Amino acid sequence: MNSAEQGDLLWQPSCAQVEAAAVTQFRHWLNQEYALELNSYQDLWQWSIDDVPAFWAAIVVYYKVFPAGDYSRILPNAEMPGADWFPDVELNFAEYLLNQGTAEQVAVFADSEAVGERQLTRAELRRQVAVLATNLRQAGVQAGDHVCAYLPISCEAVVALLATTAIGAVWSSCSPDFGSDSVIERFTQVRPRVLITVSEYRYGGKHHDRSDDVQRLISELHTLHQVVVLPWPNPTAFDDIQIPSACELLNWHTMMAEGSMHYPDFKYCQVSFSHPLWVLYTSGTTGPPKGIVHSHGGVLLEFLKSAHLHDGLDHNSVKFFFTTTGWTMFNLLVGGLITGGAIVVYDGNPGWPGPSCLLDLAAKYKVTYFGASPTYVNGLIAKQYHPDPQLDLTSVRTVSLTGSPASPETFQWFYQNLHADLHVFSMSGGTDVAAAFVGGVPTLPVRAGDIQAPGLGVDVCAVDDEGHVLLDEYGEMVIRQPMPSMPVFLLNDTQHKQYRDSYFSLFADFWRQGDLITFASDGRCLISGRSDATLNRHGIRVGTSEIYRTVEAIDGISDSLIINLELAGARFYMPLFVCLEQGYELDSRLLNEINDNLAHNCSPRHVPDAVHAISEVPYTLSGKKMEVPVKKLLSGIVMHKAVKRDACRNPQTLDFFVRFAEQHDLN
């Protein structure tokens, strides 16, 4: 097969598949119940944005979200930020997810380098959630309090998220590959009452001790009433944890064993639609990571829509996405439980002990929905890897790609190496909304490299600098009407100032996501990358400020600038530029210190591809590093289109980056 070109047709659903799809059945129901004439997905999407309140009310009714509650007032205030959804409703996110499916069905398949494979049935998941939730209540955790987790992706992480939200407490998590500085920056913002943690983990066949980081974390979180330790892979890890005298220390396994009773009287906490559900964090481009607070009701409605209508999940589905607890995709993966099906969580290196690791998992657990980043697939292509013909991957029906733009070759690889009858789609959304703005539709054809369509209920388009809608031309991606899963607020931002500055500074009435996108008239779209300075590193957004704080704390480095370039074929190039103090040179010792400190204090994803010495960092007149203009220069954009020199405090510094782009092949 020849290499696919952008827009080549790769798959067309059959008439039977289209008719059986949940999105088709939903459209038929709408036509009957609301006397509509919606004859296609495009018709359905148009209606969903022409009458946004009616669309979300239909989701509520169709999926029986509020069997008892007054949802007649849907969106009395549609301002952004501050939209007020279903103000007279109470519900609980965890209760809805856990009430789906049958008791004997497997809910969670878990695999791990540290502890091997395990599974939880729906009944056992409900029991463990009730045990932990009851323990949290006994520790004094109330609705609105915060519970933080420093856990690998695992059965326990799923249980902890659901138990926290079951009692109306607010969840927040980081992966153990985050260094203590990054975790402290995040968790100190929420002032948690309980920390759930491990002190070590395994990755790529190697042991990673996090005991010092955990000890420092405990000492910095002055609001803790309880620390729950998951002692794996080392059962004695619990013995080494030191806590303040006013704080209680619990062993996860002991807690679960002592709470072996079923807790038949456990009651979920009913909270308002807008009650905080969890805190997700932005990457911290201009300061400490922002804490984004989503709501119980908003996320529940978005997960229902996405799982059923876009992802095609049902009670027989098995959803897998390779992620960690430090990425919003973990939260979205847990959302796969909403249809009554199962999810697969994997704690380990996707390339260890060999490139077949994730596909082996897909075959083992009969995965129906396989999710990964285009960068992962690009690595397989670079290695010329092809699955063993004996590996049975026929269960996979859907492939989801997110984290970076997916190339035509990435799409094509799945059709060449899994099987021909696949719905492969690329989606783009964000931590900001715990959802996709644009993505997959199982009733539409798949064209190489294209994103199929805007999401239902998402009034998304491309606009120019004046806010005029563009077709067949790149522009800023904006959302013109509220979505239920937009943040209810940002942490410590009671007046929505930071909220407005983050998303509404360029267009007062439109949410600006920071992506460059082009839409065709039929709804297909293509994203070329970030329009702001946030780094997109192997599919995960990385903040520049975290890198600067670490690098500029090293002796001999006075200043620094980090840039990430999105290259063809889902590749990335992230160079770091440093200014050296007198008497220092960029030798192997300093290079090793830079890379080691970034890997330890931040994460391995923060380590640059190359380090170069420069004389000065370009700054704006107001003293901000000129990350976006430098990125444009390195991308080959001519000076007068990339930056206004008179807006630069030291314009001569820009010439270096023009020469750098000319001397290096960055395409």
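The values are calculated or read from the model by the stated rules, or taken from the named source; none is laboratory data. Given the structure is predicted, the values throughout are model-derived calculations rather than measurements. Every residue, glycine as well, gets a Cβ built from its backbone with ideal geometry; the counts of neighbours run over all protein chains shown. For the accessible areas, the whole protein counts, side chains as well, though only heavy atoms, and no ligand, DNA or RNA atoms are used. Shrake-Rupley method; radii C 1.70, N 1.55, O 1.52, S 1.80 Å.
Go over the candidates Leu516, Leu506 one by one and state the one that is within 22 Å of the chain's Cα centre (by Cα) and open to solvent by 40 Å² or more (accessible area, probe 1.4 Å).
Selected residue: Leu516, the only one of Leu516, Leu506 that is within 22 Å of the chain's Cα centre (by Cα) and open to solvent by 40 Å² or more (accessible area, probe 1.4 Å).
Return the total of residues in the range 364-377 being farther than 18 Å from Gly449 by Cβ, hydroxyl-bearing (Ser, Thr, Tyr) and either at pLDDT below 90 or surrounded by fewer than 21 Cβ atoms within 10 Å (Cβ to Cβ) (or both).
The qualifying residues number 0.
Within the range 378-427, restricting attention to residues that are over 24 Å from the mean Cα position of the chain (by Cα) and closer than 22 Å to Ala21 by Cβ, which residue is surrounded by the fewest Cβ atoms within 10 Å (Cβ to Cβ)?
Across the range 378-427, the extreme among qualifying residues is Ala420.
Just checking, how many residues over the range 352-363 are in contact (Cβ under 8 Å) with a residue 60 or more places away in the chain, outside any loop (DSSP other than H, G, I, E, B) and open to solvent by 40 Å² or more (accessible area, probe 1.4 Å)?
Looking only at that region, the number is 0.
Of everything in the range 126-148 that's on the phi < 0 side of the Ramachandran plot and part of a loop (DSSP other than H, G, I, E, B), which residue is most open to solvent (accessible area, probe 1.4 Å)?
Gln142
Could you list all residues from the range 648-665 that are out of contact with any strand residue (DSSP E or B) (no Cβ under 6 Å at 6 or more places or on another chain) and modelled with pLDDT under 85?
Listed by number, the residues that qualify are Cys648, Asp665.
May I ask you to list pairs of residues, at least six apart or on different chains, whose Cβ atoms are under 6 Å apart, with the first in the range 81-102 being farther than 22 Å from Leu337 by Cα and the second being of a type in the set (Asp, Glu) and at pLDDT below 95?
From residues that are farther than 22 Å from Leu337 by Cα, the pairs are Asp88/Asp70.
Say whether the condition of being assigned to a loop (DSSP other than H, G, I, E, B) and open to solvent by less than 30 Å² (accessible area, probe 1.4 Å) is met by at least one residue in the range 307-316.
yes
Okay, residues lined up against (1) out of contact with any His (no Cβ under 9 Å at 6 or more places or on another chain); (2) among the acidic types (Asp, Glu); (3) farther than 15 Å from Ser154 by Cβ:
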| position | (1), (2), (3) |
| --- | --- |
| Ile184 | yes, no, yes |
| Ile196 | yes, no, no |
| Arg202 | no, no, no |
| Gly205 | yes, no, yes |
| Arg210 | yes, no, no |
| Glu220 | yes, yes, yes |
| Leu224 | yes, no, yes |
| Pro235 | no, no, yes |
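Mind listing just one residue for me: the one in the range 617-667 that is assigned to a strand (DSSP E or B) and over 18 Å from Leu535 (Cα atoms) and, of those, least open to solvent (accessible area, probe 1.4 Å)?
So the residue we want is Cys648.
Across the range 580-606, what is the total count of residues that are open to solvent by 30 Å² or more (accessible area, probe 1.4 Å) and either under 21 Å from Val630 (Cβ atoms) or in a helix (DSSP H, G or I) (or both)?
Residues flagged as open to solvent by 30 Å² or more (accessible area, probe 1.4 Å) and either under 21 Å from Val630 (Cβ atoms) or in a helix (DSSP H, G or I) (or both) within the range 580-606 amount to 15.
Conditions (1) over 18 Å from Val458 (Cβ atoms); (2) at pLDDT 95 or above; (3) open to solvent by 20 Å² or more (accessible area, probe 1.4 Å), marked per residue:
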residue: Thr285; (1), (2), (3): yes, no, yes
residue: Gly298; (1), (2), (3): no, yes, no
residue: Leu301; (1), (2), (3): no, yes, no
residue: Leu304; (1), (2), (3): no, yes, no
residue: Thr324; (1), (2), (3): yes, no, yes
residue: Ile338; (1), (2), (3): yes, yes, no
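Please list, ordered by first then second residue, the pairs with beta carbon atoms under 8 Å, 6 or more apart or interchain, first in the range 30-47 and within 19 Å of Gln481 (Cβ to Cβ) and aromatic (Phe, Trp, Tyr), second in a helix (DSSP H, G or I) and open to solvent by 40 Å² or more (accessible area, probe 1.4 Å).
Pairs found: none.
Which helices (runs of 4 or more DSSP H) does the range 154-244 wholly contain that include 2 or more residues that are open to solvent by 20 Å² or more (accessible area, probe 1.4 Å) and touching a residue at least 60 places away in the same chain (Cβ under 8 Å)?
180-190
Does Leu576 satisfy being touching a strand residue (DSSP E or B) at 6+ places or on another chain (Cβ under 9 Å), surrounded by 21 or more Cβ atoms within 10 Å (Cβ to Cβ), modelled with pLDDT of 95 or more and not in a helix (DSSP H, G or I)?
yes
Taking the range 245-281 as the region of interest, how many residues are open to solvent by less than 70 Å² (accessible area, probe 1.4 Å), under 22 Å from Val131 (Cα atoms), in a loop (DSSP other than H, G, I, E, B) and modelled with pLDDT of 95 or more?
2
Kindly establish whether Gln100 is over 30 Å from Glu124 (Cα atoms) and either open to solvent by less than 20 Å² (accessible area, probe 1.4 Å) or touching a Gly at 6+ places or on another chain (Cβ under 9 Å) (or both).
no
Every residue in the range 549-573 that is free of Cβ contacts under 8 Å to residues at least 60 places away in the same chain and open to solvent by less than 30 Å² (accessible area, probe 1.4 Å), please.
Val551, Ile554, Gly556, Ile557, Asp559, Ser560
Of all residues in the range 66-89, which are within 22 Å of Val129 (Cβ to Cβ) and at pLDDT 95 or above?
Selection gives nothing.
Open to solvent by less than 30 Å² (accessible area, probe 1.4 Å), of a type in the set (Gly, Ala, Ser), in contact with a Phe, Trp or Tyr (Cβ under 6 Å, 6 or more places away or on another chain) and in contact (Cβ under 8 Å) with a residue 12 or more places away in the chain, is that true of Gly440?
In short, yes.
Kindly check whether there is at least one residue in the range 371-381 that is part of a loop (DSSP other than H, G, I, E, B), closer than 20 Å to Met427 by Cα and of a type in the set (Val, Ile, Thr).
Checked against the condition, which is being part of a loop (DSSP other than H, G, I, E, B), closer than 20 Å to Met427 by Cα and of a type in the set (Val, Ile, Thr), the range 371-381 yields no hits at all.
Does at least one position in the range 609-616 carry a residue that is surrounded by fewer than 17 Cβ atoms within 10 Å (Cβ to Cβ) and touching a Leu at 6+ places or on another chain (Cβ under 6 Å)?
Yes, because at least one residue in the range 609-616 is surrounded by fewer than 17 Cβ atoms within 10 Å (Cβ to Cβ) and touching a Leu at 6+ places or on another chain (Cβ under 6 Å).
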